[in-house]
Structure formats: structure tokens, C-alpha cells
Amino acid sequence: MQKKPRLSFWQIWNMSFGFLGIQFGFALQNANASRILSTFGADVEHLSWFWLAAPLTGMIVQPIIGHFSDKTWNRFGRRRPYFLFGAVLTSIALVLMPNSGNLAIYMSPMIIGAGMLMIMDASINVSMEPFRALVADLLPSDQRTLGFSIQTFLIGIGAVFGSFMPYILAEWIGISKESATGGIPDNVIFSFYIGAAALILTILWTVLRTKEYPPEDFEEFARQEAIEKGEIEEGEEIVEEKKQSGFLEVLNDFKNMPSTMKQLGIVQFFSWFALFSMWVFTTPAIAQHIYGLDITDATSAKYNEAGNWVGTLFAVYNGVAMFYALLLPFIASKIGRKRTHAVSLIAGGLGLISMYFITDKDWLLLSMVGVGFAWASILAMPYAILAGSIPVKKMGIYMGIFNFFITFPQIVNGVFGGPIVKRLYDSQAIYAIVIAGIFMILGAISVIFVKDKDAIVK
């Protein structure tokens, strides 16, 4: 009986190293997209609408990429071709987005910036989805929590540097953090260039240093895992489903998703609704609540200072997540993955709510500690729980479909969040952050009802 071999720490590190670059670019987007779009004229009410580009493209792209990567076998591998293709497109978008104002001769820079945001998100999703499936492909079930935790650690490194890069370039290197023309500051523009280079180089590292199992080995590993899960009996082969068109197959898989995925979907709704609010509204919330600014003037030096501080805050929560991720396998082995995730989400919720009661910007660093706990767990625990419930030959498509439970809450928030802040909160964005904290705690409560099929508690 041929079982999937255990991999060394460095083999797991190499297979996920490209995620460092992906998250570098993603963090630059999260910390600076609202600032860039505000500079180009976006109102606080409309910011969440522009941010809809991310979940909409993710909802469409990830299941498609998951479906085709499940069926891809060529000399470049199964998942790796998608890493590289997505990395090239994302790097191009990273270079163009902060320069959208230079393309204003063709159309509004705000429209161009939003278009680059959509292209960037679609490209990031092309690279991101196969990384989740690769961990499940190559690792036995008892190493998957470690695999997703290392992936989260690397995500944290990329996110710290991506979030902190504008501050580093401005305060440590001396690149201007103001723009003479009222456009995007040079430190932000050069940060995006560095992010593009980091993305390409780290993806290449994974592509060149990771080997995927050939089809014949993968088939045998899949059969043995199916036996362990009780999907088939010893001596049986996995029965191939009747072939359908790609679209119909995705719909059929969505309809027949495992119950654990549905239960996790509720947790994901609350978690990602909260995260979307944080990413979209933290900059205007801090500018108003801490700096006392009128956010209608998004080109002022003080507003850019607030934006730089938000980048620092995001770097801190990602840094906390980076190290907390290394503790997750140990904590999960003691109290279980569900309790680990619940405790982490509660910490994140309290961190977000605490921002309302803080008036000194330095104390916001403490709030970010709780957010970092939640972020690390969100990136690891749901996938570790989910992998044990997915049919072994459907790993890519179901990891893609699972993205629906990430994108849907962001779309709901994106459609209604801006108008709610404008009309219900009188444009005071800090209240969106408080509601985000409450949603994070609701996510923690909903974890109780999730069934973890291969939970291991020592």
C-alpha cells in the first residue's frame, strides 16, 4: 500500500514560498487602494463599491482555476503553471495601478485605478487558489495543519513588508511621501514596483523548487486517502464521474458540497465581512477618529500621514499573524482546531472594537495584536478543517468553490457598506470597524457548529 510520504519542513516551506510574494502585493493593495482611489476622487460612500473588484473576480476566477488545475497534467506540473501565469499578470497590474493618473488622457484616472484593482485581484486569484490545493495534494492529512500554518507564516512575512514598505521608503530611505502634483506619492509608487519584483521572484522559487507527484503516483495516493476517509473499500478503485462540461461540473460540485464546507461557510461569512470592513474603512476611520481630519481632502499631507500609519498598523497585525501561525499546530493539538479558531476570532473581534475607545494612535498597535491572531487563524484553520472533508480528486475545485464563502460576504459588504457608513453612521467610518469586531465574534460563536471530520487532539 503506497501512502503519501511525509515532507520535510523545507519542502513544505518551498512549496508555499510563492505565497510570500502574492501577499506582498495583496498587502500593498489592502493598505493603499483606498488612499489611491480617494486621491483620484472617490468618496467614502463609494470606496466599498470599488473594492467589489476583489470578491467579484475571486468568486468567478477561483472555482474555474480550481476546476482546470484538477485536470491539468503536463511537464510543468499540475498547479505550478497557474502560479506563474497569475504572477506575471499581477506584477503588471502592480506597476500600472499607482500610475493610473498618467493614463488619464484616455479616461478618468479613478476608472483606470479601479480597472487595475480588478485586474490585480483576478491575477492574484489565479495564483492563490492552486497554492491551497497544492498543500492538500502533497501533504498527508496529519501534516496539513502544519502546511497551512507555514503558508500563513510566509503570508505574514510578505504582508508585513508589503504593508510597511511605503513607511520604510519614506522614513528610512528618504523617498518623498508627498506628491508635488497632488497625485500618488513616490514612496507608494516605488513600493508597488518592489512588490511586483518580489511576486515574480518568490513564485519562481516555488515553481523551480517544488515537484508535484506524477499522475500515476497521485492516483494511488488519492485511492489510499479515499480508503482512509471511507469513500471506497480496500481493493476498490475511485469511480470516475460521468464527464460534463466544465460549467455544469462546477455547478454540480457546488450543489453537492460537503456538509462541513456549508458549516464553515457561516464562519467565513462573519469573518470576511469583518475583514472587508477593516481593509476598506480603516484609513478614513483613523484619519477622522485619531487625526481629526476632514476626509474629503485625501491629498493633504496629514491624510497621507494617516495612510502611512494605517500601513504600519497592517504590518503589525500581519507580523503578529506570522509568528502566531507557528503556534497554531501546537495549540490545535491541545484544544482542537475549532476551539483554536474560535479563540482567535474572539481576539480579533475585541481588537477591532477597541479601536473605538482609543485616541492615541500608538495604542492602536495593541488592537492589531488581536487582529493578527484572527488573521493567522482565518488563513489556516478553515482550510485545515475543510481538507479532511473534501473528496480527494476534487481538492482544487472545492478549494475554489470554498472561495465563494470568502467573496460573498465581501460583495454584500461592498454593496451596502459604503451607503451605511454615509447615511447611517454620518460618514464616521469608525463605526464600520466596531461592527466588524462584532461580526468577528459572531464568527467565533458559529465555529461551535462545525464538524471537523479528522480532528486530532492529543
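The values are calculated or read from the model by the stated rules, or taken from the named source; none is laboratory data. No experiment lies behind these values; they were computed from the predicted model shown. Ideal geometry is used to build each Cβ from the backbone, glycine not excepted, and the neighbour counts take in all protein chains shown.
Among (1) surrounded by 24 or more Cβ atoms within 10 Å (Cβ to Cβ); (2) in contact with a Ser or Thr (Cβ under 7 Å, 6 or more places away or on another chain), where does Gly400 come up short?
The number of the failed condition is (2).
Condition (residue is within 23 Å of the chain's Cα centre (by Cα), within 27 Å of Gly162 (Cα to Cα) and modelled with pLDDT under 85) applied to the stretch 2-12: is it met by at least one residue?
No; the residues of the stretch 2-12 include none that is within 23 Å of the chain's Cα centre (by Cα), within 27 Å of Gly162 (Cα to Cα) and modelled with pLDDT under 85.
Residues in the stretch 415-429 that are of a type outside the set (S, T, N, Q) and either surrounded by fewer than 24 Cβ atoms within 10 Å (Cβ to Cβ) or touching a strand residue (DSSP E or B) at 6+ places or on another chain (Cβ under 9 Å) (or both): how many?
Of the residues in the stretch 415-429, 9 are of a type outside the set (S, T, N, Q) and either surrounded by fewer than 24 Cβ atoms within 10 Å (Cβ to Cβ) or touching a strand residue (DSSP E or B) at 6+ places or on another chain (Cβ under 9 Å) (or both).
Output the residues belonging to the stretch 333-351 that are in a helix (DSSP H, G or I) and within 16 Å of Ile448 (Cβ to Cβ).
Ile335, Arg337, Lys338, Arg339, Thr340, His341, Ala342, Val343, Ser344, Leu345, Ile346, Gly349, listed by residue number.
Look at the stretch 416-444 and say how many of its residues are over 18 Å from Leu364 (Cα atoms) and modelled with pLDDT under 95.
Total meeting the criteria: 12.
All but one of (1) outside any helix (DSSP H, G or I); (2) in contact (Cβ under 8 Å) with a residue 40 or more places away in the chain hold for Ile378; state the number of the condition that does not hold.
Evaluating Ile378 over (1) outside any helix (DSSP H, G or I); (2) in contact (Cβ under 8 Å) with a residue 40 or more places away in the chain leaves (1) as the failure.
For the stretch 71-97, how many residues meet the condition of being assigned to a helix (DSSP H, G or I) and modelled with pLDDT of 80 or more?
Qualifying residue count for the region: 17.
Which of the residues spanning the stretch 302-319 are among the aliphatic types (A, V, I, L, M) and either in contact (Cβ under 8 Å) with a residue 40 or more places away in the chain or closer than 12 Å to Gly162 by Cα (or both)?
Answer for the stretch 302-319, where residues must be among the aliphatic types (A, V, I, L, M) and either in contact (Cβ under 8 Å) with a residue 40 or more places away in the chain or closer than 12 Å to Gly162 by Cα (or both): Val310, Leu313, Ala315, Val316.
Quick one: count up the residues across the stretch 294-342 that are crowded, with 17+ Cβ neighbours inside 10 Å and within 16 Å of Gln23 (Cβ to Cβ).
12
Considering the stretch 386-423 alone, what residues qualify as being among the β-branched types (Val, Ile, Thr), in a helix (DSSP H, G or I) and either under 30 Å from Lys255 (Cβ atoms) or in contact with a Cys (Cβ under 6 Å, 6 or more places away or on another chain) (or both)?
Hits for the stretch 386-423 are Val392, Ile397, Ile401, Ile406, Thr407, Ile411, Val412, Val415.
Every residue in the stretch 77-100 that is in contact (Cβ under 8 Å) with a residue 60 or more places away in the chain and surrounded by fewer than 18 Cβ atoms within 10 Å (Cβ to Cβ), please.
Residues satisfying the conditions are Val88, Ile92, Val95, Asn99.
Inside the stretch 142-178, can you point out the residues that are surrounded by fewer than 18 Cβ atoms within 10 Å (Cβ to Cβ) and part of a loop (DSSP other than H, G, I, E, B)?
Within the stretch 142-178, Gly174, Ile175, Ser176, Glu178 qualify.
For the stretch 430-452, which positions are farther than 17 Å from Met278 by Cα, surrounded by 17 or more Cβ atoms within 10 Å (Cβ to Cβ) and among the β-branched types (Val, Ile, Thr)?
Once the filter is applied, which keeps residues that are farther than 17 Å from Met278 by Cα, surrounded by 17 or more Cβ atoms within 10 Å (Cβ to Cβ) and among the β-branched types (Val, Ile, Thr), the stretch 430-452 yields Val447, Val450.
Any idea which residue in the stretch 343-367 is surrounded by the fewest Cβ atoms within 10 Å (Cβ to Cβ), counting only those that are small (Gly, Ala, Ser) and closer than 21 Å to Phe153 by Cβ?
By that ranking, first place goes to Ala347.
Which residue, of Asp362, Asp426, Asp452, is of a type in the set (Asp, Glu) and part of a helix (DSSP H, G or I)?
The conditions single out Asp362.
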